[in-house]
Amino acid sequence: MEWVRILASRLLGIFRKRNLETDLDAELRAHMDALTEENIRRGMNEQEARHAARREFGGLEQTKESYREQRGLPFFETLAQDLRYALRMLVKNPGFTAVTVLTLALGIGANTGLFSLVNSVLLGNLPVRNPEELVVIKYTDSRSQDTEEDFSYPMYQAMRDKNTVFANVLTRSGVDFNASYGGQSERAVGEIVSGNYFETLGVQPLLGRLIGPEDDRTPGAHPVAVLSYGYWQRRFGSDPTIVGRAIILNNNPIRVIGITPPRFYGTEMARNPDIRVPMMMATVFRRLLGTMLYEVRSADPLAFAGACFLLGVVAGVAAYLPAQRATQVDPVVALRYE
Amino acid sequence: MAQTRGEVLQGTLDLIVLKTLEALGPLHGYGIAVRIQQVSADLLKLNQGTLYPALLRLEQRGWISSKWGVSDNNRKAKYYSLTRSGRKQLLAETESWERMAALMTRLLGRAEGA
């Protein structure tokens, strides 16, 4: 506890400076006087005695200075002086101060903004259960050598049903909705998700229930939707009675069955969809994209739905096997062994 | 008679001051300086001014305490005296000094003998 005592003494030294300074002067003067007297007693005249005393004592100011350094907290005292000086100068030059403050504000703001982005995109985890166990499945196109994450729906089904590596395989695809409710229409960011999407990510509903496998069985036959927390707040004023009611998406009445929790934004940082509907509803919502479908017999609804997801992105996957192993297995290789 | 005046070895001033106060009881700065000079028979080159920061340092550590008083020739003077923890410190430092000195003597002695 010695350092506490020393610190306390030094702090006191800062605040009782004037008294202490007088004390120090008195003490040193007494010393000098005593030395001088002694010298006179030895037979010097007064001036000689005084000079001799100075010699014996060493530098008076030097002594005082090192005494002061020992007494206070010189680092903080000079820091305080510098700060006072800086403030005085800032007050004197308001123009310069304004420019400086603005520059700093902009700089700090930009950096904070950029860091928040980097933090959520690069450093943060997805707001789901066990995000470290998720992997994205990709494949390399043998002709173009491009790495793709778009799979056909049958391919997704095969991966989901025949995989032995992953706990589950989910898929999702982006879509835009024209959403109407209470006579007002607006564009909403949508997402078509597989029935196991929420179950695999381990997301719990804030209200109502989320889309489950039972909502993803028959093409076109599951007019249900889940709203994001932000959209629910913005568009519906956090009205809990919206759950169970119908909203209009692209002219189709769709029943809202639940709200996702506040921090959940999905599997892609940049997108943050407002409304999610089951994958089987792709036959309803992706019809507009018919021009982009190819090699599809539209008579076969399953193939139709599947073809939609040539454009879609596949798949976060939760592995119950160690995530490491999961990431090392190329899924295409894994499936080849099936 | 050739005399070399030794500089005060780093860190030994504290020990010297503590020992002086133990031997003579409460003393003012000048008294301490005089005593040191007497005991060392002027072998020690001491700028008396350097005593004061040392005294302050010792006081901050709680090894000595100070009080204003009146000197023999009726002058106001600050008297320093050894505290209990100062006594302990003196003991500890004396011991470690002796150990060090003995070690140095042995080392140097052997070096000369070889």
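The values are calculated or read from the model by the stated rules, or taken from the named source; none is laboratory data. What you see is a predicted model, and the numbers here were worked out from it, not measured in a lab. Reconstructed Cβ throughout: ideal geometry from the backbone, glycine too, with neighbour counts over all protein chains shown.
Run down A:Val121, A:Val128, A:Val135 and say which single residue is among the β-branched types (Val, Ile, Thr) and in contact with a strand residue (DSSP E or B) (Cβ under 7 Å, 6 or more places away or on another chain).
From the options A:Val121, A:Val128, A:Val135, the qualifying one is A:Val135.
Output the qualifying pairs, or none if there are none: Cβ atoms under 6 angstrom, residues six or more apart or on different chains, first residue in the stretch B:33-53 and at the interface with chain A (Cβ under 8 Å from one of its Cβ atoms), second residue surrounded by fewer than 18 Cβ atoms within 10 Å (Cβ to Cβ) and outside any helix (DSSP H, G or I).
Filtered contacts from the stretch B:33-53: B:Asn47/A:Gly58; B:Gly49/A:Gly58.
Given the criteria surrounded by 13 or more Cβ atoms within 10 Å (Cβ to Cβ) and over 24 Å from B:Leu27 (Cα atoms), does A:Gly43 qualify?
No, not satisfied.
Look through the stretch A:216-248, keep the residues that are assigned to a helix (DSSP H, G or I) and either of a type in the set (Phe, Trp, Tyr) or touching a Gly at 6+ places or on another chain (Cβ under 6 Å) (or both), and return whichever of them is farthest from A:Glu199 (Cα to Cα).
For the stretch A:216-248, the residue satisfying everything is A:Phe236.
Can you name the helices (runs of 4 or more DSSP H) wholly within the stretch B:20-114 that have at least 2 residues being surrounded by fewer than 10 Cβ atoms within 10 Å (Cβ to Cβ)? Steps first, please.
Details: elements: B:29-39, B:51-60, B:84-113.
Of the helices (runs of 4 or more DSSP H) lying wholly inside the stretch B:20-114, those with at least 2 residues that are surrounded by fewer than 10 Cβ atoms within 10 Å (Cβ to Cβ) span B:84-113.
Give me the pairs: first residue in the stretch A:202-223 and touching a residue at least 24 places away in the same chain (Cβ under 8 Å) and closer than 15 Å to A:Gly258 by Cα, second residue assigned to a loop (DSSP other than H, G, I, E, B) and of a type in the set (Asp, Glu), beta-carbon distance under 8 Å, and six or more apart or on different chains, which are they?
If the second residue must be assigned to a loop (DSSP other than H, G, I, E, B) and of a type in the set (Asp, Glu), the pairs left are A:His222/A:Asp216.
Just to be sure I understand, how many residues within the stretch A:27-66 are within 8 Å of chain B (Cβ to nearest Cβ) and assigned to a loop (DSSP other than H, G, I, E, B)?
2
Just the residues that are within 11 Å of another protein chain (Cβ to nearest Cβ) and hydroxyl-bearing (Ser, Thr, Tyr), please, taken from the stretch A:1-26.
A:Ser9
Test A:Pro74 against the stated conditions and say whether it is over 30 Å from A:Gly202 (Cβ atoms), modelled with pLDDT under 95 and loosely packed, with under 10 Cβ neighbours inside 10 Å.
Against the criterion (over 30 Å from A:Gly202 (Cβ atoms), modelled with pLDDT under 95 and loosely packed, with under 10 Cβ neighbours inside 10 Å), A:Pro74 does not qualify.
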